[in-house]
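First the structure, in the form of structure tokens, and then the observations on it.
The values are calculated or read from the model by the stated rules, or taken from the named source; none is laboratory data. These figures come from a predicted structure and were not determined experimentally. With ideal geometry, Cβ positions are generated from the backbone for all residues, glycine too; neighbour counts draw on all protein chains shown. Keep in mind that these areas ignore ligands, DNA and RNA; they rest on the heavy atoms of the full protein, side chains included. Shrake-Rupley method; radii C 1.70, N 1.55, O 1.52, S 1.80 Å.
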Amino acid sequence: MESTTDQVINYIGGSWQKPESGTDLAVMNPATAEQIATVSLSQKEDVKKAVEVADEAFHGWRRTPVTKRIQYLFHFKNLLEDHIEELAKVITNECGKTFNESVGEIRRGIENVENACGMPTLMQGINNEDIASGIDEHMIRQPLGVVTAITPFNFPAMIPLWFLPYAVASGNCFILKPSEKVPMSAQYIFKLLDQVGLPEGVVQLVNGDKTAVDELLENPAVKAISFVGSSGVARQIYSKGTAHGKRVQAQGGAKNMVVVLPDAEMNMTTRIVGDSAFGCAGQRCLANSLAITVGDAKKPFTEAISEKAANLKVGYGLNQGTEMGPVITSESRQRVEGFIETGTKEGGKILVDGRSKKVDEFEGGNWSFPTIIDDISPDSSIAKTEIFGPLFGLMHVDTVDDAIALINSQAYGNMACLFTSSGAAARQFRYEANAGNIGINIGVAAPMAYYPFSGWKESFFGDLHAQGHHAVEFYTQTKVVVERWIRDWDRVF
Ligand code: NAD
């Protein structure tokens, strides 16, 4: 087992800097319960410095041809590929997910670097010749300036890469404020970026908490904020950022329902839904957290998913054969246990109880084993609240219409999934379910890099999502030019 006591610090203007006025926070391995690093939290002055440096760098960076800008990203992609295993270990050690899950998230991050390498085409404008005789009109896309992303703990490598490559390729200077719970993955990524040789100030890493975020939200030189985290904070970031005149895209929490029809292929459904519910210990914004069975699907699905939950191998993510790691903190574990308690008080029946279990050799870890609660009432708090842990609820209805109505009564709209072999049911679901990411016989409908990550309702505040062409639009502003160049030839007409 690797043990390190790294000091995680900021990367500003091309050099590593300890915040001048910061305090330190321990970074823990959630499986081994060991302290693996210390992160120095930035204060307002530290953040101001990062913004100033980025603002200065912007003048040169926006003048760098896009074809040259993307060469740094090609280099970055190769470095990520070369270091994928090392970075995956860092993720597992600070975040808890299994090694394979860590590799998977880096792959999805790399996809975004690759996609952003298409920026010469992606940020092309449009034009018309002769909108009137001898007059042409063009729309060009220009970068915004200093942009920033504030990211959550659960995908410490992938989520920063939803933003950084597009921001930089389109000519902006970028500041990342990662989750203070998992700052080591971002530090690792920035060590790779340091080798890429980008001009100083184009990418910056600022560690910290609300204090650092508040400065980013208020600083007039910051033009755009990307946020991913819980809905309450997303809403606040959206309000405050837009009140300060910035573009904001704020992706929030989720409560993703999966509908299982009687004609679903039950083995496949159980395997996929189980992986979605318990993968990353249920700490994915695209985790299925509630199943709605329709009609006769109730019995076979309930039995099969309970068996799957009861037999998952929980443990330290770097150990071979581990299928599920710990939750991020002991507070998270207690919160999940609290919801199990609440669920039973609200009338739910526990089919698999994941409380009070330990993993041999790692007794101090934040272990929360898979739990299944049956007969959840649609009005209960566990049907409505994002739990963000391996607690899976079951509800049972008679028709697809009932199931869709339940989904649409939800406050969140991140994802909804359907398992069926009926094309007609699938079409109805795709058409009527009020969620921005839909899975048909898919348990984690995570859009590829070239599609927007399309949360709706309380799962998203803003207009343009992360990834795909939305990212290009978010990081550029349009400029329209109408021009006339008179030549004698034109006067003829
Ligand atoms: P969080 O909201 O606690 O923190 C996210 C980021 O916001 C961190 O960088 C944190 O330092 C900062 N922050 C926290 N409180 C703040 C405040 N009051 N003011 C300013 N900044 C603040 O989220 P988390 O626990 O790190 O991550 C889990 C949440 O993220 C879940 O709700 C999950 O659904 C959500 N999530 C959403 C998506 C998505 O795409 N919709 C993806 C991943 C995670």
Magnitude of the Cβ-charge dipole (Lys and Arg +1, Asp and Glu -1) of the chain about the Cα centre, nearest 20 debye, reported as 600 debye
Add -39500 (n - 2.57) for each DSSP H run of 4 or more in the chain, then divide by its residues: what number comes out at 222 nm, to the nearest 500 deg cm²/dmol?
-> -12000 deg cm²/dmol
FRET efficiency for residue 434 and residue 353, using Cβ-Cβ distance with R0 set to 30 Å, rounded to 0.05 = 0.40
Taking a ≥ b ≥ c as the square roots of the eigenvalues of the Cα gyration tensor of the chain, is the shape rounded (a/c under 1.5), prolate (a/b larger than b/c) or oblate?
-> oblate
Net charge (Lys, Arg +1; Asp, Glu -1) of residues whose beta-carbon lies under 10 Å from that of residue 477, residue 477 excluded, is +3
Placing each pseudo-label 7 Å from Cα in the direction of the beta carbon, residue 235 and residue 26 end up separated by a distance in nanometres of 3.4 nm
With a 26 Å threshold on alpha-carbon distance, the violating pairs from 44/384; 77/479; 44/77; 255/349; 44/223 are 44/384; 77/479; 44/77
Summing +1 for each Lys or Arg and -1 for each Asp or Glu, what net charge is found among the other residues whose Cβ lies under 14 Å from the Cβ of residue 423?
-> +1
Expressed as a rounded percentage, what relative contact order does region 104-159 have, with Cα pairs under 8 Å and six or more residues apart?
-> 41 percent
Extended-chain gain in nm, criterion 0.36 nm per residue less alpha-carbon gap, residue 421 and residue 265 = 55.4 nm
Taking the Cα centre of region 349-478 as the origin and placing charges on Cβ (Lys, Arg +1; Asp, Glu -1), which of 390, 449, 417 is farthest toward the positive end of the dipole?
-> 449
Average Cα contact separation per residue, the chain, under 8 Å, 6 or more apart, as relative contact order % | 18 percent
Given charges of +1 on the Cβ of Lys and Arg and -1 on the Cβ of Asp and Glu, with all other atoms neutral, how large is the dipole of region 256-440 about its Cα centre, in debye to the nearest 20?
-> 300 debye
Lys/Arg Cβ at +1, Asp/Glu Cβ at -1, dipole of region 1-156 taken about the Cα centre: which of 125, 104, 43 is farthest positive-ward?
-> 125
Classify region 1-141 as rounded, prolate or oblate, taking a ≥ b ≥ c as the square roots of the eigenvalues of its Cα gyration tensor: rounded when a/c is under 1.5, otherwise prolate if a/b is larger than b/c and oblate if not.
-> oblate
When only C-alpha pairs under 8 Å and at least 6 residues apart count, what is the relative contact order of region 239-370, in percent?
-> 21 percent
Cβ-Cβ cut-off under 13 Å around residue 98, Lys and Arg +1, Asp and Glu -1: the net charge is 0
FRET efficiency for residue 331 and residue 85 from the Cβ-Cβ distance with R0 = 22 Å, rounded to 0.05, comes out at 0.10
What do you reckon, how do 266, 28, 415 stack up by accessible area (1.4 Å probe), largest on top?
-> 28, 266, 415
Two-site label geometry, residue 124 and residue 485: point separation in nm, points 7 Å out along Cα→Cβ = 2.0 nm
Rough spin-label spacing in nm, given labels placed 7 Å along Cα→Cβ, for residue 345 and residue 133 = 8.1 nm
Tally up the carbon and sulfur contribution to the accessible surface of the chain as a whole percent, 1.4 Å probe, everything protein left in place.
-> 50 percent
In what order, largest first, do 141, 247, 235 sit by accessible area if the probe radius is 1.4 Å?
-> 235, 247, 141
Sort region 108-157 into rounded, prolate or oblate with this rule: let a ≥ b ≥ c be the square roots of the eigenvalues of the Cα gyration tensor; rounded if a/c is under 1.5, and if a/c is not under 1.5, prolate when a/b is larger than b/c, oblate otherwise.
-> prolate
Would you tell me the accessible area of residue 69, worked out with a 1.4 angstrom probe on the heavy atoms of the protein chains, in Å² to the nearest 10?
-> 10 Å²
Dipole of the chain (Lys/Arg Cβ +1, Asp/Glu Cβ -1, origin at the Cα centre): which of 436, 236, 408 lies farthest to the positive side?
-> 236
